[in-house]
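For reference, the structure is listed below as structure tokens.
The values are calculated or read from the model by the stated rules, or taken from the named source; none is laboratory data. Since the structure is predicted, the reported quantities are computational estimates derived from the model, not experimental observations. For neighbour counting, all protein chains shown are included, and Cβ atoms are generated from backbone atoms with ideal geometry for every residue, glycine included.
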Amino acid sequence: MRVSTLDLANFRNYAALHVEPPGGVCVFIGDNAQGKSNLLEAISLLATGKSFRAAREADLVRTDCPLARVAARVTTSSLEVQAACIITRVGEGARKRFLRNGRGVAYAQFLGGISAVTFMPLDLQLIAGPPAIRRRFLNVALSQADRGYYRQHVRYTGILAQKNALLKAPGGVDRKLLATYNEQLAAVGAALIGARAAYVRGLAREAAAVHARWVGDAPQLRMRYVPSPALPEGDESPGAVLRAFSLAWETHGAAELVRKTSLVGPHRDDIEFALDDHALARFGSQGQQRTAVLAVKSAEYALLAAAVGEAPLLLLDDVLSELDAERRRSFMSSIEGCEQAFVTATELPDLAAGSAVSVFEITDGRLAARAQT
């Protein structure tokens, strides 16, 4: 998979940009706040349909402009895809419209046409940050690989919102309706838990292998999926999940009524990381955590490539800043085989002899090719 052309209009600090990036590794260098991350954000937006960092989608639109447009032509192994996203200011918020080959499409149809794996500084919180970050990681990864998962997650989120509204309703709770919502949540939740469990198993194997290549066999990187509700050891069958839901609601149902929120389900899942038997979040150094996250992202890339049948785009935002010169050279060498990777940095990293990268400078939303080595 390769971006042939990328066009931005009034996106973040870009008034207008047209670029035809070559294949292989493209390095974008420049000082902070010049637009390096914005460029990767735009590409990621066309893959996932969402910003990887914006708290408000209106922030994607250039100041004093009514709308922004991001468009790209992407060549895959079987066809050429033209994708676009138009973000329009609406009051204090924004509305997005998606286009595929010039025609408007729903988000569910837009998702999956372009695949990308992104690494950004916020991903360092994947190990020690709140569980919501790890759930978002799972949802983004699985939704790109399987639109069915995305539809199930949307359905689960909708039912959960209805149940929580019922729990908060004044004048008491309709127990029959509550039981209906619980039954629906269990059925959809079982599908989500099954998909997440299988994905984490594969991710754990691949990440452990990558980690071992980088740092040796010891300590071993371990990952464990922690579903809600808790399941019998080794049994993730739909029947076991449904029984676990039933038992959990018997245990926590009264607390849900008191706290007026749902306490059981995939919206409370988590992933645990360890080096050997030591919790990485508690006992791992910053360097160990960073290496583990890079291994997980490398594993995500491999699993997504297997799922979609070709290499996805690789978007690396400021991944080199905390690595020493030797590790930067090693890391850059490790990604040279990618069909197309976009890397941002404040300065050109040291490269191994014979490295072939395309280098661009970004200054205040303007892009210029600097060198081809």
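Here's the yes/no breakdown for (1) part of a strand (DSSP E or B); (2) modelled with pLDDT of 75 or more:
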{"residue": "314", "(1), (2)": "yes, yes"}
{"residue": "319", "(1), (2)": "no, yes"}
{"residue": "333", "(1), (2)": "no, yes"}
{"residue": "350", "(1), (2)": "no, no"}
Is it true that some residue in segment 32-46 is within 24 Å of residue 336 (Cα to Cα) and assigned to a strand (DSSP E or B)? no
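Quick one: which of 35, 49 is in the same structural domain as residue 349 (by TED's automatic domain parsing), more than 25 Å from residue 138 (Cα to Cα) and among the small types (Gly, Ala, Ser)?
On the way: 49 fails: more than 25 Å from residue 138 (Cα to Cα).
Residue meeting the stated conditions: 35.
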Among helices (runs of 4 or more DSSP H) entirely inside segment 112-176, those with 3 or more residues being among the acidic types (Asp, Glu) are none
When residues of segment 29-69 are limited to those that are touching a helix residue (DSSP H, G or I) at 6+ places or on another chain (Cβ under 9 Å) and more than 26 Å from residue 112 (Cβ to Cβ), the one surrounded by the fewest Cβ atoms within 10 Å (Cβ to Cβ): 29
From the option list 211, 252, single residue qualifying as assigned to a helix (DSSP H, G or I) and within 23 Å of residue 161 (Cβ to Cβ) is 252
Can you confirm whether segment 88-110 contains a residue that is under 30 Å from residue 227 (Cβ atoms), among the hydroxyl-bearing types (Ser, Thr, Tyr) and touching a residue at least 40 places away in the same chain (Cβ under 8 Å)? yes
Among the listed residues 342, 283, 360, 273, identify the single one that is modelled with pLDDT of 90 or more, under 25 Å from the mean Cα position of the chain (by Cα), more than 26 Å from residue 111 (Cβ to Cβ) and not aliphatic (A, V, I, L, M). 273
If I ask for residues that are small (Gly, Ala, Ser), in a strand (DSSP E or B) and in contact (Cβ under 8 Å) with a residue 60 or more places away in the chain, which ones from segment 69-87 would you list? 71, 72
How many residues, within segment 259-299, are under 15 Å from residue 221 (Cα atoms) and not in a strand (DSSP E or B)? 22
Among the residues listed as 210, 226, the single one being of a type outside the set (Ser, Thr, Tyr) and within 30 Å of residue 328 (Cα to Cα): 210
Residue set 267, 252, 278; condition in the same structural domain as residue 290 (by TED's automatic domain parsing), more than 27 Å from residue 296 (Cβ to Cβ) and touching a residue at least 12 places away in the same chain (Cβ under 8 Å); output residue 252
